[in-house]
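The values are calculated or read from the model by the stated rules, or taken from the named source; none is laboratory data. Every value quoted in this text rests on a predicted model; they were computed, and no experiment measured them. So basically every Cβ, Gly included, is an ideal-geometry build from the backbone, and we count neighbours across all protein chains shown.
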Ligand SMILES: Cc1ncc(C[n+]2csc(CCOP(=O)(O)OP(=O)(O)O)c2C)c(N)n1
């Protein structure tokens, strides 16, 4: 099994790190080796944030090398161009444009909606692992609506 | 996070959480430190697990408290970012000569690439300079295991141990298996050892010799310590690497032979010599300074290093590939991301607008407010290191012509003031410039920059419980500062501007405390029942 590399990008405060935590947790629950890498600090004050998640049988570096991401999820359209070079040839770009506004039941849930779209491209992680991971990383008050959004998007995109 | 713990104790943890987890599992009695990216979460997680964790006013005090705990026979850990070890360097060097009774672990979290630091100093130099054994984990499992190993080494040889992490170890998550770790051999108890612990010259001379003897013994032990791992592979390329660099290298050259060094000081020279003899090309892959390669060469072993350009910034798989290919051609420059900025209603904004409008010369400091150097403010003229604003402001005042000197203001955050600003005020009273001076404390009631930690001025402990509170205006009055003002800079902009102008014109020593809570901190303080583990901005969906 080859290592899968995902990069999640956006601006501080958009939920990049939470999305990465959920993806990593889902891979972890699946029983895979997982590594994540992210930068804290200055980047929290509205600056660019990226988080790398890699999973497979054995992962060495926690950082996704440029041009080798299988999937790139970008939460903010202005951040697409600066992150695009991380994607491999034929890699999958996931942006807010893909999301049908009627599926976005909560205005702060774009990150979860995009995870729903991403999940379609990650066959190694089954739906129950995603749901368990969201329950672990979202506060109780917002769990159900976010899981609903995740599933709507996961199923709506043919 | 431990609440996600599965029954078989397989956990997904960051390197920082793994260090905390090992410290907790090994019965560490006290964790002390000062916040600093990328080290901050170690103590927060230690506290979350139930360990006794404390923020000290600065790293020097933190290390001194840990030293005392180890003198008393307890297991203690002091955590800091790389530049924090500069602040703690005085006790760090001296304690190397002293026998510690319990375990003393110093964690330095280095920041190659400067994701959020003012320099990328390589603290491996400190291990050699002070004579303190150095352990370097490459992922969370190693962070866990080496924390336990550091305790073992410290207690066996009565020596402090430096655990050096880097950003991508601290803030990367990977899987660990939690173990049952050996517990402290005995309960704390004071045993007098004046010769061993009072570093007057007559005792310190013996202390230095004892240190070198211990290091020789540890060097011999390290040859078979099990900490330096030979991973057999194609002998045409042999890579010697430590820390995260080893992970990048194993991905970049999966077929190569590897010698992974987890304890680089004292160096396992014979282990390295025998590895080098078995391979055709021996290459050292290390992040930061050419520290390992120079140490190996000094031992008379011929090894290849990296081109000078790879001293700068972090390594990654692509850069390691280039090092292996001896490619020193210019690297593609990644596009710049969006710079961070003040939160929309940050109280620092009002202050920097005023400083800009009054065309002040601003001796700055470090915190969120350092963003005042960026457009649209560009109203912060220098930043050297924590606490330097007051000293550098005074120095400017002493030499500049009067009309410029009168425009100099020192600007410092509340946490930074507690850390190392107080001695600056003492200097100001003791050596006042002819034109007077104005110090502005930006008191937002938190250590915002590193993720909203408490400090002695908030009156709350690391885990947000009430405790003694230091009041800067009272302190300033006791020090004899003539004019002390406390004001909310956002309440009345014109009044604030006028106060600052008058202070500058007064030719007196003035302290203005601009007090207005950080909005993010205020929110957290309101919902006290919050998960103390998530110290940074509140969780988003
Ligand atoms: C010696 C040292 N220790 C720690 C740090 C990390 N650090 C940077 S700014 C800062 C404190 C910021 O708090 P404050 O001064 O209150 O300003 P704020 O961010 O709240 O505006 C810290 C701890 C550092 N740069 N240097």
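Name the one entry in B:206, B:226 that is more than 30 Å from residue A:21 (Cβ to Cβ), without any contact (Cβ under 8 Å) to a residue 24 or more places away in the chain and in a loop (DSSP other than H, G, I, E, B). The unique qualifying residue is B:226. Within the range B:348-364, restricting attention to residues that are in contact with a helix residue (DSSP H, G or I) (Cβ under 8 Å, 6 or more places away or on another chain) and closer than 21 Å to residue B:519 by Cβ, which residue is farthest from the other protein chains (Cβ to nearest Cβ)? Going through the qualifying residues, I end up with B:354.
Has the range B:133-141 got at least one residue that is away from chain A (no Cβ under 14 Å), part of a strand (DSSP E or B) and closer than 29 Å to residue B:368 by Cβ? Checked the range B:133-141: no residue is away from chain A (no Cβ under 14 Å), part of a strand (DSSP E or B) and closer than 29 Å to residue B:368 by Cβ.
Take the conditions (1) surrounded by 21 or more Cβ atoms within 10 Å (Cβ to Cβ); (2) in a helix (DSSP H, G or I); (3) within 9 Å of chain B (Cβ to nearest Cβ); residue A:81 misses just one of them, which is (1). Name the residue, out of B:241, B:252, that is over 30 Å from residue A:22 (Cβ atoms) and touching a helix residue (DSSP H, G or I) at 6+ places or on another chain (Cβ under 7 Å). Testing whether each residue is over 30 Å from residue A:22 (Cβ atoms) and touching a helix residue (DSSP H, G or I) at 6+ places or on another chain (Cβ under 7 Å) leaves just B:241. Restricting B:372, B:395, B:387 to residues that are within 16 Å of the ligand (Cβ to nearest atom), at pLDDT 95 or above and either away from chain A (no Cβ under 14 Å) or closer than 16 Å to residue B:447 by Cα (or both) narrows the list to B:387. Scanning the range B:502-515 for residues that are assigned to a helix (DSSP H, G or I) and closer than 20 Å to residue B:369 by Cβ turns up B:503, B:504. Among the residues of the range B:401-451, those identified as in contact with a strand residue (DSSP E or B) (Cβ under 7 Å, 6 or more places away or on another chain), part of a loop (DSSP other than H, G, I, E, B) and more than 10 Å from the ligand (Cβ to nearest atom) are B:407, B:432, B:436.
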